[in-house]
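In what follows, a structure is listed as structure tokens, so that the remarks can point back to it.
Every number here is computed from the coordinates shown, using simple stated rules; none is lab data. For clarity, every value in this text was computed on a predicted model and none was experimentally measured. Because the Cβ atoms are built from the backbone with ideal geometry, glycine has one as well, and the counts that use them run over all protein chains shown.
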Amino acid sequence: PYALGLVFGSKLERAIDKECESGSFTHDGECCLQCPPGEGVVKECGATQTECGQCLDSETFSETFSHTEKCQTCIECTGLMRMQTPCTDSNDAVCVCNYGYFMSDLTGQCEPCTVCPRGQGVMIRCEHTHDTVCEECLDDTYSDQESTLDPCLPCTICEEGIEILMRNCTPNEDACDSSSFVTDPNRLWSPNPGGDATTPKPSPPHFIGRGLNENLIPIYCPILAAVVVGLLAYIIFKRWNSCKQNKQAANNRAATANQTPSPEGEKLHSDSGISVDSQSLQEQQAQTQTQTQAQAHTQLHALKKVRKTKKIQQCKSIKYLKRCAILCLSESTVLEKTFKTQNI
């Protein structure tokens, strides 16, 4: 029974360990939790449960589940290294050799890419993981310059009337050459070493560049003409629209002026006729004259009253009473005559 208990206890312990992914327990026998990628351990499991903290993006990272690993500092790409993948909270930055360099397995450092010489072309371009792989130019191919990019090029088949056969194609240079033509288009120089013999041609040779320009001219001309016509049409439309708006504004002002006639015009051109307008004008003039006479009578009466008051004040003295009476009577007579004259 004792041995059976030991076996059972051992199997139970292994089962518990298998179910606990961290393989560690707290003092209370609880399985320690693991921090996921992107989080690091702040306080390890022991007396208490594991405490995790978020890693800072572009500064620290944590790539695996762990109950012990803290956030790690991101690597910095320096020197001949460049950053291929930036650092995140769950992945470190990936640095590779800069362009034009590769990581050498021998030195463990970035080394310059190999340049393929003349006569050799690039078979595999240089990358940050491996060097350039060059190959000899064979079977009517050539490479006339050093390069880390260009492969072997096929030899050119000389085009009659444009290029001439200068030499047989070699791995270092092409066979044809279009630069041997002189500026005189009526003569084609012979490639003989002596260079004495010349062969007149009935028609000048057509160079590739010249032919290209001649082909582009018919394309450019319609485009330029369309642009010019479009600009002229736009200018004409804008001018026509502006003139139309100005004319419409002038017509509106004229119509407004015709719709608001003066008071005299309304009277002279009313539906009642010229006689009605004349009669109304006479009535207005008579009314105005009556108002003027009433105002004059009121002013005269007030003036008469003021003068009479002054005379009475002057005549308070008994010595001049008689004289004042005569003056007052004469003044009244004068005022009455004046009033009658104005009424007439």
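Enumerate the calculated ³J(HN,Hα) couplings along region 147-160 in order (Karplus 6.51 cos²θ - 1.76 cosθ + 1.60, θ = phi - 60°), each rounded to whole Hz, writing x wherever the residue is Gly or Pro.
Result, rounded to whole Hz: 7, 10, 10, 7, x, 5, 9, x, 5, 7, 8, 4, 8, 5.
Can you tell me the FRET efficiency between Thr170 and Ala226 if r is taken as the Cβ-Cβ distance and R0 is 41 Å, rounded to the nearest 0.05?
Values: r = 50 Å, r/R0 = 1.23.
Rounded to the nearest 0.05, the efficiency is 0.25.
Which cross-chain or sequence-distant (5 or more) residues have an amide H under 5 Å from the amide H of Phe102, H modelled 1.01 Å from N in plane?
Hits under the 5 Å cutoff: Glu111, Cys113.
Need one word for region 99-175: rounded, prolate or oblate. Basis is the Cα gyration tensor (sqrt eigenvalues a ≥ b ≥ c); a/c below 1.5 gives rounded, then a/b vs b/c decides.
Since a/c reaches 1.5 and a/b is larger than b/c, the shape of region 99-175 is classed as prolate.
Multiplying the sequence separation of Glu59 and Thr298 by 0.36 nm and subtracting their Cα-Cα distance, what value in nm do you get?
Extending this stretch completely gives an extra 75.4 nm.
What are the residues whose amide H is under 5 Å from the amide H of Thr141, where those residues sit 5 or more places off or on another chain and H is modelled from the backbone?
Answer set, sorted by chain and number: Cys155.
Can you give me the long-range amide H partners of Val42? Hydrogens built in the peptide plane at 1.01 Å from N, cutoff under 5 Å, separation of 5 or more residues or another chain.
Glu51, Cys52, Gly53
Output ³J(HN,Hα) for region 237-243: one whole-Hz value per residue in order, computed from phi by the Karplus curve 6.51 cos²θ - 1.76 cosθ + 1.60 with θ = phi - 60°, and x for Gly and Pro.
Coupling constants for region 237-243: 4, 5, 5, 5, 5, 5, 4 Hz.
Could you give the length gained by full extension between Gln245 and Arg307, i.e. 0.36 nm per residue of separation minus their alpha carbon distance, to one decimal place?
15.2 nm
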